[in-house]
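Below: one structure, written as structure tokens.
The values are calculated or read from the model by the stated rules, or taken from the named source; none is laboratory data. Just so you know, these numbers come straight off a predicted model, no measurement behind them. Side chains are part of the model used for accessible areas, which takes the heavy atoms of the whole protein and leaves out ligands, DNA and RNA. Shrake-Rupley method; radii C 1.70, N 1.55, O 1.52, S 1.80 Å.
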Amino acid sequence: MNRNVLITGGAGYVGSLLAPQLLAAGYSVTVYDTMYFGCTHAPHPRLRVIEGDIRDTAALREALWGVDTVINLACISNDPSFELDEGLSTSINYDSFEPMVVVAKERGVRRFIYASSSSVYGVSDAPDVTEDHPLVPLTLYNKYKGMCEPLLFKHQSDDFTCVTIRPATLCGYAPRTRLDLSVNILTNHAVNSGKITVFGGSQLRPNLHVQDMCDLYQLLLELPVEKIAGQTFNCGFENKSIMDIAHIVHDVVRQEFPDRGEIEIVTTPTDDIRSYHINSDKITRVLGFKPKHGIEDAVRDLCRAFREGRLPNSMTDERYFNVRTLKSKQAA
Ligand SMILES: NC(=O)c1ccc[n+]([C@@H]2O[C@H](COP(=O)([O-])OP(=O)(O)OC[C@H]3O[C@@H](n4cnc5c(N)ncnc54)[C@H](O)[C@@H]3O)[C@@H](O)[C@H]2O)c1
């Protein structure tokens, strides 16, 4: 049961860490991805890598042969990338979603795991944003993330288990690291330019280590149906202000690179006032899942990767930045 997993968007940041982890745990894995950011997966006897688009239902149907679980990560996955071409982004992030769920169910998939986002809540003054908090999305990216959730649950049935995760902003090293996410941006700048620019600073942002994200997806393959069917879970670890994150980054990078001198923290005003404090008690209470890695671990892992040359040209190479890569693909 649940041994044959297809990951849409499985060549992205999360997928680049998740697929090898599932292979090591004995799963058979299909990565189905347009490869917008390339592919880091090494060949493996239980790995199939398919360059495919979730909007191509016929190709997806073929790829789903024998698959029992889908983890849906494919997405134009941040606001600026979404806004580059709203028509294309909507076709990927929203229009293709329900057809993909339907084809999975028709093909005999028994479990469908959807990566939504904790940004669906938008700004909230609530001290603790739980799963039943109203969704007040601020952007189209957030709005469509939220609108896909009921489209998935429409298809929940005894033989088709649907579950939605609303992850916090991810951080840490993965084979295809994104350096356009808050902790990762700050670490890159601290290590490679000796200066961190903080926009605003007081906004609260929930964070989650990419390793905890992968551990959660693996757990969702293994948990009994009755624990997860039709459920939505927040998943975040540390709710910290951007300024607190900057100080953690500063201190860890100073320890990891003691010879590099002082790291300057510069504050700049911003009109990006998004602030939210997600509560992730439900996932611990119901599933027994508790993240194990903090922001400090993420910064340390990234420092190690920089030191070992695993993130070359990190200030300039567009592959670390979704919007830059997609913009240059459009121009080509
Ligand atoms: N990274 C975060 O902080 C974060 C936080 C919350 C939720 N999420 C969600 O988790 C998922 C994975 O995030 P990520 O950071 O790995 O994103 P990513 O951008 O690194 O990966 C997404 C992958 O989807 C692929 N893709 C895009 N359009 C496709 C299409 N039409 N068909 C097939 N593949 C397509 C891309 O090539 C890419 O490899 C996304 O759905 C994202 O919205 C991410």
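Data table
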item	result
³J(HN,Hα) computed for each position of region 314-329 - Karplus, 6.51 cos²θ - 1.76 cosθ + 1.60, integer Hz, glycine/proline x	6, 8, 10, 5, 5, 5, 7, 10, 4, 5, 5, 5, 5, 4, 6, 5
K227, K154, reordered so the largest accessible area comes first (probe 1.4 Å)	K154, K227
Helix 295-307 axis, angle to the chain major axis (alpha carbon atoms, nearest 10°)	80 degrees
Accessible area in the full protein assembly, largest first, 1.4 Å probe, for T316, T267	T316, T267
Residues of type lysines that K292 reaches as a straight line, Cα spacing below 19 Å, ignoring anything fewer than 8 places off in the same chain	K240, K282
Rounded to 10°, Cα long-axis angle of helix 210-222 versus longest principal axis of the chain	20 degrees
Share of carbon and sulfur in the accessible heavy-atom surface of region 4-331 [1.4 Å probe, %]	51 percent
Partners for K143 among aspartates and glutamates (Cα-Cα distance below 12 Å; same-chain residues under 8 apart left out)	D79
Exposure of S275 as accessible area (Å², to 10), given a probe of 1.4 Å and all protein chains	30 Å²
Placed amide H near Y173: partners under 5 Å, 5+ positions off or other chain	L302
Probe 1.4 Å, all protein chains present, accessible-area order of Y36, Y121, largest first	Y36, Y121
All-pairs alpha carbon distance profile, the chain, 20 Å steps from 0, percent	32, 60, 8
From phi via Karplus (6.51, -1.76, 1.60), per-residue ³J(HN,Hα) for region 230-240 in Hz, x at Gly/Pro	x, 9, 10, 10, 6, 9, x, 10, 9, 8, 10
Accessible area (Å², 1.4 Å probe, nearest 10) - E318	80 Å²
